[in-house]
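Every number in this text was worked out from the coordinates using simple rules, so none of it is lab data. Everything numeric here is computed off the predicted structure, so don't read it as measured data. For neighbour counting, all protein chains shown are included, and Cβ atoms are generated from backbone atoms with ideal geometry for every residue, glycine included.
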């Protein structure tokens, strides 16, 4: 069920800072029409840290309304640095019919490996839903070890995969050897996805696919079909997009890119601000070079 290009969905905002529900559902429908394999609402790219719990749950509901009729899997963002909050969000994801929950390693608290184990144990036992560990040391400071991950998978069968944003290309192979190839490994970094797949990965939870969903899906389809010529062509074509999406802290660049394509406004919620003029030029040039903007 979980493979290929899964979009880490942006959350469109209105000029007064509210969630733009209509723009969001139109955006989800466009993603599906473009061939995206799966949808991930209210992750980091969806500005989950600054959404209220009610908004967080509403965005998941809105995504499911569109995705379920099109039979696209939804991995709902459900993480927090508070175990009790992560449990509540995970239980909501299970209740409304999400296909899985994405649970980030607790940020700011800096838990030990045992603390990580106990956090995910509590979440896994709280709801009957597949759970993806979201390991992103660059934002959460701590890094879940392969050993801790293997222990969790051994003890809790509903922990089914990982979003690996470590940028360590030895990690997916180490994880595959330690846990097995049925453990679903999704990259959290677009620019290294080709190598991630070659090292045992199954797909990518992508920022770039917000604005290049067709190309990102084509890349993964080519991989699965062993169409190496197409895979290499699309991989190279997407590189400037991947780089531009992180010319400033995400999701600033991808929201501006989406605005250039007429998908939503460029604004995030504070402390996310509109990107600088220089970064705007970088993003626009990248979209043009990839053939996404004429």
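Could you work out the per residue convex hull volume over the alpha carbons of segment 196-279, in cubic angstrom? Walk me through the numbers on the way to the answer.
On the way: hull volume 8.6 nm³, N = 84.
Dividing the Cα hull volume of segment 196-279 by its residue count gives 103 Å³.
Under a GNM of the chain (C-alpha, springs under 10 Å), which listed residue has the highest mean-square fluctuation: 94, 217, 78?
Highest fluctuation of the listed residues: 94.
Using helices alone, I'd like the mean residue ellipticity at 222 nm for the chain: each DSSP H run of four-plus residues gives -39500 (n - 2.57), total over residue count, nearest 500.
Working: 12 runs with 136 residues, N = 294.
My calculation for the chain gives -14000 deg cm²/dmol from helical runs alone.
Between segment 81-127 and segment 179-197, how far is it from one alpha carbon centroid to the other, in angstrom?
Value for the Cα centre distance between the two parts: 21 Å.
Which percentage, to the nearest 5, of the DSSP beta bridges contained in segment 4-228 is antiparallel? Write down the numbers at each step before the final one.
Values: 1 of 27 bridges.
If we restrict to bridges inside segment 4-228, about 5 percent are antiparallel.
Measuring from a point 7 Å past the Cα of residue 261 along Cα-to-C-beta, which residues in segment 22-48 have an amide N at less than 12 Å?
The answer is 27-36.
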